[in-house]
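The values are calculated or read from the model by the stated rules, or taken from the named source; none is laboratory data. Note that the structure is predicted; figures quoted are calculated from it, not measured. So basically every Cβ, Gly included, is an ideal-geometry build from the backbone, and we count neighbours across all protein chains shown. Surface areas here come from the heavy atoms of the whole protein model, side chains and all, with no ligands, DNA or RNA. Shrake-Rupley method; radii C 1.70, N 1.55, O 1.52, S 1.80 Å.
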Amino acid sequence: MKSIYKNHYFPNKIFTKKYAKDFKTKVLQEEVVVVNNPLIDGKTREVFLDGIKISIRNGKLNPPFIIDVEHDFPFLKIHFEIEGSSKYTPKNEKSIAVIIPGGHYNFFFLPEVKGTLRYDNPTRKTLEILFTKDYLKRIFGKSFKEECSEFGDALENNEPFLMWKQSRPITTQLQAIINEIINCKFDVGLKKVYLESKITEILTIFFNDLKNKRNRASINEKLSEEDYLKILHAETIVKKNFKNPLTISQLAIISGINQFKLKKNFKLIFGKPIFSYLTEMRMEKAKKMIVDQGYTIAEAAYEIGYKNPQHFTAAFKRMHNYLPSTLKKKV
C-alpha cells in the first residue's frame, strides 16, 4: 500500500509513503514527522493500530497549498478539520469531491483516490482516521450491512460515498472524544485498547445518526445554503463569547437571522438548543482545565464565565451527574 504526493510548487518532486498491507501491525506503532520549510511548518503524529491509521496534524501553511494525491488502496476515512480547511477535487470517476471547512467533519469512502488537495487557511489542526473495510466488518460483525445502511451498501458495491453531503460541525461531544484521542497518555498496550474504544465510540455515533436519517429529511432539504451558513456563523459567535454569552436577540442580529429561525435551525443542525449547547461546551472546557491544566474548581468556573463557583458546581452536576471535585481526585 502506498500514497503518492506532488506539490504544485515543486512539480518535479514526488513524495511516496508506503504502509503495511491493510495497516496490519501486531502492536501499536507510533511515529512523528516534523516538517519545516518555506511552505509548511508543522508536526504530524501517526499511530498505527491493527487495521487503523490515526494522523494528528498541527501546523502552519503558506496558502493556497495545493498538492496532487494518489492512493493505490481504497480510502475509508473519518476527517475532523479542527482548524483550517480541506478540499479534495477528484480526477477520476471512482471518487467524489470532499470539502471540509474548519470546525467540521465527515466520513467517506473512495474506492480509488486520484485528485487534488487544496488548503486555503494558514493554520491547520486535524484528526484523521483511516480504516480498512475488514476493520469495520470486525467491529459490526454479522450486522455490518444492516448497521451501516447506505454506507455498508457503498462499501460492498465499491462505490464512492460521503456520509454527509455537507460536512457537519464538530459537536462538543465529538470534540471531547477528539481531545481524549489527541491527549492519550497511556503506555503502548493500554493505549491501543483505549484508542480503539474511542474510535468505536465515534463510529457508533456516526452510524446511529445515519440510521436515524431514514426517519427524517436531511438538513440540506430543510435549510437553504444561506440559512445554513448563518447558523454556522452563529455557532462561531457562541464559541467566541462563551465566557460572556450574548442574548438570543443579540445573536440573531449579529448572525443576520430572526430569532425564531435561529433557535429552530440551530437545534436542527446541532441537535440541541443554543443554551444547552453553550452549557455543554462550557462544562467541557472547565473539565479540561481541571484535569489537564491543574485549575482549581473556582478558577475553572471563573474562566468559563461563572462568577459563583457554587452555581458552576450545580450546573456541572446536572450535566455529568457527579461533582467537579471528583475530577481533582483523578488528577
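Tabulated values for the structure
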| quantity | calculated |
| --- | --- |
| His71 vs. criteria buried (at least 18 other Cβ atoms within 10 Å of the Cβ), at pLDDT 95 or above and out of contact with any helix residue (DSSP H, G or I) (no Cβ under 9 Å at 6 or more places or on another chain) | no |
| Whichever residue in the range 1-17 is part of a strand (DSSP E or B) and among the hydroxyl-bearing types (Ser, Thr, Tyr) and, among such residues, is least open to solvent (accessible area, probe 1.4 Å) | Ser3 |
| Residues that are part of a strand (DSSP E or B) and either farther than 25 Å from Phe131 by Cα or in contact with a helix residue (DSSP H, G or I) (Cβ under 8 Å, 6 or more places away or on another chain) (or both), drawn from the range 36-68 | Asn36, Ile40, Asp41, Val47, Phe48, Ile52, Lys53, Ile54, Ile56, Lys60, Leu61, Phe65 |
| Residue that is modelled with the lowest pLDDT [pool: residues in the range 145-171 that are open to solvent by less than 10 Å² (accessible area, probe 1.4 Å) and more than 20 Å from the chain's Cα centre (by Cα)] | Ser149 |
| Flag for Thr326 being of a type in the set (S, T, N, Q), farther than 24 Å from Asn183 by Cβ and either free of Cβ contacts under 8 Å to residues at least 12 places away in the same chain or in contact with a Phe, Trp or Tyr (Cβ under 9 Å, 6 or more places away or on another chain) (or both) | no |
| Residue that is nearest to Gly59 (Cα to Cα) [pool: residues in the range 106-125 that are hydroxyl-bearing (Ser, Thr, Tyr) and either at pLDDT 95 or above or in contact with a Phe, Trp or Tyr (Cβ under 9 Å, 6 or more places away or on another chain) (or both)] | Tyr119 |
| Where a residue in the range 302-320 is in contact (Cβ under 8 Å) with a residue 40 or more places away in the chain and its partner, wherever it lies, is part of a loop (DSSP other than H, G, I, E, B) and surrounded by fewer than 16 Cβ atoms within 10 Å (Cβ to Cβ), with Cβ under 6 Å and at least six apart | Gly305/Lys243 |
| Pair list, Cβ under 9 Å, 6 or more apart: the range 66-80 residue within 19 Å of Ala154 (Cα to Cα), other residue open to solvent by 20 Å² or more (accessible area, probe 1.4 Å) and aliphatic (A, V, I, L, M) | His71/Met1; His71/Ile4; Asp72/Met1; Asp72/Ile4; Phe73/Met1 |
| Candidates Glu128, Glu83, filtered to the one that is within 21 Å of the chain's Cα centre (by Cα), surrounded by fewer than 20 Cβ atoms within 10 Å (Cβ to Cβ) and at pLDDT 95 or above | Glu128 |
| Any hit, the range 18-35, residues being over 18 Å from Lys198 (Cα atoms), among the polar types (S, T, N, Q), open to solvent by less than 40 Å² (accessible area, probe 1.4 Å) and assigned to a loop (DSSP other than H, G, I, E, B) | yes |
| Enumerated helices (runs of 4 or more DSSP H) restricted to the range 172-276, each holding at least 3 residues that are at pLDDT 90 or above and under 22 Å from the mean Cα position of the chain (by Cα) | 172-182, 188-212, 225-240 |
| Ala315 over 14 Å from Lys230 (Cβ atoms), modelled with pLDDT of 90 or more and surrounded by fewer than 16 Cβ atoms within 10 Å (Cβ to Cβ) | no |
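Per-residue answers, yes or no, for (1) out of contact with any Phe, Trp or Tyr (no Cβ under 6 Å at 6 or more places or on another chain); (2) among the basic types (Lys, Arg); (3) over 21 Å from Leu49 (Cα atoms):
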residue: Asp153; (1), (2), (3): yes, no, yes
residue: Pro160; (1), (2), (3): yes, no, yes
residue: Met163; (1), (2), (3): no, no, yes
residue: Ser167; (1), (2), (3): yes, no, yes
residue: Thr171; (1), (2), (3): yes, no, yes
residue: Gln175; (1), (2), (3): yes, no, yes
residue: Ile182; (1), (2), (3): yes, no, no
residue: Asp187; (1), (2), (3): yes, no, no
residue: Leu190; (1), (2), (3): yes, no, no
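Residue by residue, here is whether (1) surrounded by 17 or more Cβ atoms within 10 Å (Cβ to Cβ); (2) closer than 20 Å to Tyr306 by Cβ holds:
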{"position": "Ala234", "(1), (2)": "yes, no"}
{"position": "Asn241", "(1), (2)": "no, yes"}
{"position": "Ser255", "(1), (2)": "yes, no"}
{"position": "Gln259", "(1), (2)": "no, no"}
{"position": "Phe266", "(1), (2)": "yes, no"}
